[in-house]
Amino acid sequence: MERWLALELASTIRHDGDGGVADDLASVEGVTRWVEAQVESLSGQVRIRELSVDEALRSEIVALRQAVRALFARAVSPAPPSPADARRLMPVEEALAYLNSVAARESVVPQLDWPSDGAPAVRLVSAEGDPAVRLLAALARAAVDFLSGPHRDRLRACSAPRCVRYFVKSHGRQEWCKPSCGNRARAARHYQRQRQATDGGPAAS
């Protein structure tokens, strides 16, 4: 299953299973667990073992998530955004400026590789030594790539009751981020139809 780092960051705000919203980045420990879970996506960009998450880094990742979710809300418009933060979204211009400024924190330079038995190729090499800066820049660049790429047009906010996730639509009629959300949405619609039928029926004697 394809994964997008920007979507993984946005999805750290999620339904908690009890009708509320959970934040996976609410603590330094939570951020540490989340970053370690992204090791594959961050491979070659951040040395996770050298990274020490503190409150300052946590706050910056949360601010970056706010920017990404604001831009996700713009991407799905005119459909409604995730209800988790629909009423307190970062202004779009502020979100753009913040995302671009974080992406620019890491200086990346092209280097030519030319093995004796192969063709020349260019690779990008970071001149940044601070793993925290590299992490933030990698997350921001992932969001830039996602929002400027073809997947943005398939981004949706899940319409199931209580779900607050964004997802990338994988087929034409997909409305929900996962089957369990579809089941919940269909059950809610069935309940609503029954309520309407009961309310509109003859009064009980």
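Among the candidates Val164, Val109, the residue that is surrounded by 13 or more Cβ atoms within 10 Å (Cβ to Cβ) and of a type outside the set (Gly, Ala, Ser) is uniquely Val164.
Assess whether Ala97 counts as being more than 19 Å from Asp24 (Cα to Cα), surrounded by fewer than 18 Cβ atoms within 10 Å (Cβ to Cβ) and at pLDDT below 95. Give the derivation first.
Details: more than 19 Å from Asp24 (Cα to Cα): yes; surrounded by fewer than 18 Cβ atoms within 10 Å (Cβ to Cβ): yes; at pLDDT below 95: no.
So Ala97 does not fit the description; no.
Quick one: how many residues across region 72-82 are in contact with a strand residue (DSSP E or B) (Cβ under 8 Å, 6 or more places away or on another chain) and open to solvent by 90 Å² or more (accessible area, probe 1.4 Å)? Residues in region 72-82 being in contact with a strand residue (DSSP E or B) (Cβ under 8 Å, 6 or more places away or on another chain) and open to solvent by 90 Å² or more (accessible area, probe 1.4 Å): 1 in total. How many residues does region 1-25 hold that are in contact (Cβ under 8 Å) with a residue 12 or more places away in the chain, assigned to a strand (DSSP E or B) and hydrophobic (A, V, I, L, M, F, W, C)? The qualifying residues number 2. Candidates are the residues of region 124-134 that are small (Gly, Ala, Ser) and open to solvent by less than 50 Å² (accessible area, probe 1.4 Å); the one that is farthest from the chain's Cα centre (by Cα) is Ser126.
Pairs are defined by a Cβ separation below 8 Å, a sequence spacing of at least 6 or placement on different chains, a first member in region 43-57 that is within 16 Å of Arg33 (Cβ to Cβ), and a second member that is of a type in the set (D, E, K, R) and surrounded by 11 or more Cβ atoms within 10 Å (Cβ to Cβ); the pairs so defined are Val46/Arg134; Ile48/Glu36.
How about region 13-24: which of its residues are in contact with a strand residue (DSSP E or B) (Cβ under 9 Å, 6 or more places away or on another chain) and surrounded by fewer than 19 Cβ atoms within 10 Å (Cβ to Cβ)?
Taking region 13-24 as the starting set, the residues that turn out to be in contact with a strand residue (DSSP E or B) (Cβ under 9 Å, 6 or more places away or on another chain) are 13-16, 21-24.
Residues satisfying the conditions are Arg14, Asp16, Val21, Ala22, Asp23, Asp24.
Has region 112-123 got any residue that is polar (S, T, N, Q), free of Cβ contacts under 8 Å to residues at least 24 places away in the same chain, more than 26 Å from Glu2 (Cα to Cα) and open to solvent by less than 60 Å² (accessible area, probe 1.4 Å)? Looking for residues that are polar (S, T, N, Q), free of Cβ contacts under 8 Å to residues at least 24 places away in the same chain, more than 26 Å from Glu2 (Cα to Cα) and open to solvent by less than 60 Å² (accessible area, probe 1.4 Å), one finds none in region 112-123, hence no.
Can you pull out the residues in region 73-132 that are more than 28 Å from Ala10 (Cα to Cα), out of contact with any Pro (no Cβ under 8 Å at 6 or more places or on another chain) and part of a strand (DSSP E or B)? Give the steps one after another, and end with the answer.
At the first step, the residues of region 73-132 found to be more than 28 Å from Ala10 (Cα to Cα) are 109-123.
Subset that is out of contact with any Pro (no Cβ under 8 Å at 6 or more places or on another chain): 109-111, 115-121.
Matches in region 73-132: Val109, Pro110, Gln111, Ala121.
If the condition is being out of contact with any Asp or Glu (no Cβ under 9 Å at 6 or more places or on another chain), touching a residue at least 60 places away in the same chain (Cβ under 8 Å) and open to solvent by 10 Å² or more (accessible area, probe 1.4 Å), then region 135-145 contributes only Asp145. Regarding region 35-57, can at least one residue be identified that is modelled with pLDDT of 95 or more, touching a strand residue (DSSP E or B) at 6+ places or on another chain (Cβ under 6 Å) and either open to solvent by 20 Å² or more (accessible area, probe 1.4 Å) or at negative phi (or both)? No: region 35-57 contains no residue that is modelled with pLDDT of 95 or more, touching a strand residue (DSSP E or B) at 6+ places or on another chain (Cβ under 6 Å) and either open to solvent by 20 Å² or more (accessible area, probe 1.4 Å) or at negative phi (or both).
The values are calculated or read from the model by the stated rules, or taken from the named source; none is laboratory data. Predicted model, so just to flag it, every value in this text is computed and none were measured. Heads up, the Cβs are rebuilt from the backbone with ideal geometry, glycines too, and the neighbour counts pull from every protein chain shown. Heavy atoms of the whole protein, side chains included, go into the accessibility calculation; ligands, DNA and RNA do not. Shrake-Rupley method; radii C 1.70, N 1.55, O 1.52, S 1.80 Å.
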